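Trainee: Got a structure for you, questions after.
The values are calculated or read from the model by the stated rules, or taken from the named source; none is laboratory data. What you see is a predicted model, and the numbers here were worked out from it, not measured in a lab. Here the Cβ positions follow ideal geometry from the backbone for every residue, glycine too, while neighbour counts run over all protein chains shown. Accessible surface is based on the protein model in full, side chains and every heavy atom, while ligands, DNA and RNA are left aside. Shrake-Rupley method; radii C 1.70, N 1.55, O 1.52, S 1.80 Å.
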Amino acid sequence: MDEQERILVRAAKGLAVALPLDGACYRASLFLKLFLEQEHGTAANAVVGFVNDGTDELYASHAWLEFRGQRTDLTLCRPMSPEVQKRGQLVIHGRVIAEGWSRYTYHMHRPLEGLRVIQQMMSNPSTRPMVAEQEELHLRMVATAKNNTLIRAYLDGAPDGLTYDRIATAVKRG
C-alpha cells in the first residue's frame, strides 16, 4: 500500500467515526472525494449509482468512493431504514472491514429490470411523489459529484451544521 492509499484508509476510518453515517452515502462519498483532493492532492471519484441486495429488482440510489479501481463504502452498513434495507458490508479501499449482507451489487446505471420497477411505481399515484423525489435527488447528486464547487456547497449546506470544515477537522484529529 502506498502513501496515497494509506491517506485514504486513514481518512475513511476517521470519517466513519466522525460523521453520523446512517443513510449518509452522498455526504460521506462527496466529503471523502473533496477532502482527499483538497487536503492531500489525491484524485478519487465519488460515484453516484445504484445498489441491489439481490432479493428483488429494486435498485436503490447509492454513492461510494472509488480510487484506483477499489471501492470505499462507509454507509451501506448503516442504512437509514435497516428494517427495510439490509445492512451491507463496510468496505475501505476494497477491503471488507465489517461484514454485512454480502450480496449487494453496484451499478453505474439502473438495469432494465430496475427501470421497469421505477416505471411501475411512477404509474401508481400513491408511490409517484416519493419515487419522483428520489429520482430527482439521484440526478442532482450525479451532477454534484462531478463539480467540487457543488460538492462544497452541498456539504456546507448541511442542516445539522456539520459542514465540510467541521468534518475535516474531526477527520484530521483522527
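Here's the yes/no breakdown for (1) open to solvent by 10 Å² or more (accessible area, probe 1.4 Å); (2) in contact with a helix residue (DSSP H, G or I) (Cβ under 8 Å, 6 or more places away or on another chain):
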| site | (1), (2) |
| --- | --- |
| ALA12 | no, yes |
| LEU34 | no, yes |
| HIS40 | yes, yes |
| THR55 | yes, no |
| GLU66 | yes, no |
| THR72 | no, yes |
| THR75 | no, yes |
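Trainee: Considering each of GLU113, GLU83 in turn, give the residue that is at pLDDT below 95, open to solvent by 30 Å² or more (accessible area, probe 1.4 Å) and not basic (Lys, Arg). Walk me through how you get there before you give the answer.
Mentor: Working: GLU113 fails: at pLDDT below 95.
Testing whether each residue is at pLDDT below 95, open to solvent by 30 Å² or more (accessible area, probe 1.4 Å) and not basic (Lys, Arg) leaves just GLU83.
Trainee: Still on this model: Only one of these is in contact with a Pro (Cβ under 8 Å, 6 or more places away or on another chain) and of a type outside the set (S, T, N, Q): ARG27, ARG78, ARG10, ARG87. Name it. Don't jump to the end; show me each part of the working.
Mentor: Details: ARG27 fails: in contact with a Pro (Cβ under 8 Å, 6 or more places away or on another chain); ARG78 fails: in contact with a Pro (Cβ under 8 Å, 6 or more places away or on another chain); ARG10 fails: in contact with a Pro (Cβ under 8 Å, 6 or more places away or on another chain).
It is ARG87.
Trainee: State yes or no: is GLY23 part of a loop (DSSP other than H, G, I, E, B) and not aliphatic (A, V, I, L, M)? Full working, then the answer.
Mentor: Numbers: part of a loop (DSSP other than H, G, I, E, B): yes; not aliphatic (A, V, I, L, M): yes.
So GLY23 passes the test.
Trainee: Going through region 31-43 one residue at a time, which ones are assigned to a loop (DSSP other than H, G, I, E, B) and among the aliphatic types (A, V, I, L, M)? Steps first, answer last, please.
Mentor: Pass one, region 31-43, residues assigned to a loop (DSSP other than H, G, I, E, B): 41-43.
Scanning region 31-43 gives a single hit, ALA43.
Trainee: Still on this structure, I have one more. Residues ALA16, ALA46, ALA28: which one is surrounded by 16 or more Cβ atoms within 10 Å (Cβ to Cβ) and assigned to a strand (DSSP E or B)? First the steps, then the outcome.
Mentor: Numbers: ALA16 fails: assigned to a strand (DSSP E or B); ALA28 fails: assigned to a strand (DSSP E or B).
One residue alone meets the criteria, ALA46.
Trainee: Still on this structure, please answer the following. Does GLU135 satisfy the criteria of being farther than 22 Å from ALA16 by Cα, over 19 Å from the mean Cα position of the chain (by Cα) and either aliphatic (A, V, I, L, M) or open to solvent by 40 Å² or more (accessible area, probe 1.4 Å) (or both)? Walk me through how you get there before you give the answer.
Mentor: Values: farther than 22 Å from ALA16 by Cα: yes; over 19 Å from the mean Cα position of the chain (by Cα): no; either aliphatic (A, V, I, L, M) or open to solvent by 40 Å² or more (accessible area, probe 1.4 Å) (or both): yes.
Here the answer is no, as GLU135 does not meet what is asked.
Trainee: For region 61-95, what are the residues that are among the small types (Gly, Ala, Ser) and either more than 19 Å from PRO111 (Cβ to Cβ) or under 11 Å from the mean Cα position of the chain (by Cα) (or both)?
Mentor: Step one: of region 61-95, the residues among the small types (Gly, Ala, Ser) are 61, 63, 69, 81, 88, 94.
Passing the criteria: SER61, ALA63, GLY69, SER81, GLY94.
Trainee: Let me confirm something: among LEU65, LEU137, which residue is touching a residue at least 24 places away in the same chain (Cβ under 8 Å) and under 29 Å from ARG10 (Cβ atoms)?
Mentor: Details: LEU137 fails: under 29 Å from ARG10 (Cβ atoms).
None of the others qualify; the one that does is LEU65.
Trainee: Name the one entry in THR55, THR75 that is assigned to a loop (DSSP other than H, G, I, E, B) and closer than 24 Å to ASP165 by Cα.
Mentor: THR75
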